[in-house]
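*Asks:* Before we start, here is the structure in question, set down as structure tokens.
The values are calculated or read from the model by the stated rules, or taken from the named source; none is laboratory data. These numbers were taken from a predicted model, which means no experiment stands behind them. Quick reminder, even Gly has a Cβ in these numbers, built from the backbone with ideal geometry, and neighbours come from all protein chains shown.
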Amino acid sequence: MKIEIDKNGSLSIERKGKMKHCGCPNQQADISCGDWCPLFGEPEPSDDIITVRLTICKKTFSLLRKDFIDKRTDK
């Protein structure tokens, strides 16, 4: 699995080999998941040096650094 945050802060997750833009499961309107949401955590390094953790809503992803792409320039 790969996760990408684009330059605008929108989240995409790899599904069946393709990057898919993620919508917010908690909203009725068509709102995308992104770093503007207070439930969207900042990526954190794990205890080891090869993984990163990203918490979104109630889910925490643990990913290899090579599978996490953060394209935001204002990090």
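*Asks:* Can you name every residue in the range 47-70 that is closer than 17 Å to Met1 by Cα and modelled with pLDDT under 90?
*Replies:* Within the range 47-70, just Ile50 meets the criteria.
*Asks:* Of the numbered conditions (1) modelled with pLDDT under 90; (2) in contact with a Ser or Thr (Cβ under 9 Å, 6 or more places away or on another chain), Thr73 satisfies every one except a single condition; which is it?
*Replies:* Of (1) modelled with pLDDT under 90; (2) in contact with a Ser or Thr (Cβ under 9 Å, 6 or more places away or on another chain), only one is false for Thr73: (2).
*Asks:* Search the range 1-52 for residues being hydroxyl-bearing (Ser, Thr, Tyr) and more than 19 Å from Leu64 (Cβ to Cβ), and hand back the single one that is farthest from the chain's Cα centre (by Cα).
*Replies:* Among them, the one singled out is Ser32.
*Asks:* Separate question: If a residue must be of a type in the set (Val, Ile, Thr) and either touching an Asp or Glu at 6+ places or on another chain (Cβ under 8 Å) or touching a residue at least 12 places away in the same chain (Cβ under 8 Å) (or both), how many such residues does the range 30-48 contain?
*Replies:* 0
*Asks:* Please find, within the range 1-28, the residue that is surrounded by the most Cβ atoms within 10 Å (Cβ to Cβ) out of those that are without any contact (Cβ under 8 Å) to a residue 24 or more places away in the chain and under 22 Å from Thr73 (Cβ atoms).
*Replies:* Among residues in the range 1-28 that are without any contact (Cβ under 8 Å) to a residue 24 or more places away in the chain and under 22 Å from Thr73 (Cβ atoms), the one surrounded by the most Cβ atoms within 10 Å (Cβ to Cβ) is Ser12.
*Asks:* Can you report the number of residues in the range 29-75 which are touching a Pro at 6+ places or on another chain (Cβ under 9 Å), surrounded by 12 or more Cβ atoms within 10 Å (Cβ to Cβ) and part of a loop (DSSP other than H, G, I, E, B)?
*Replies:* Count: 2.
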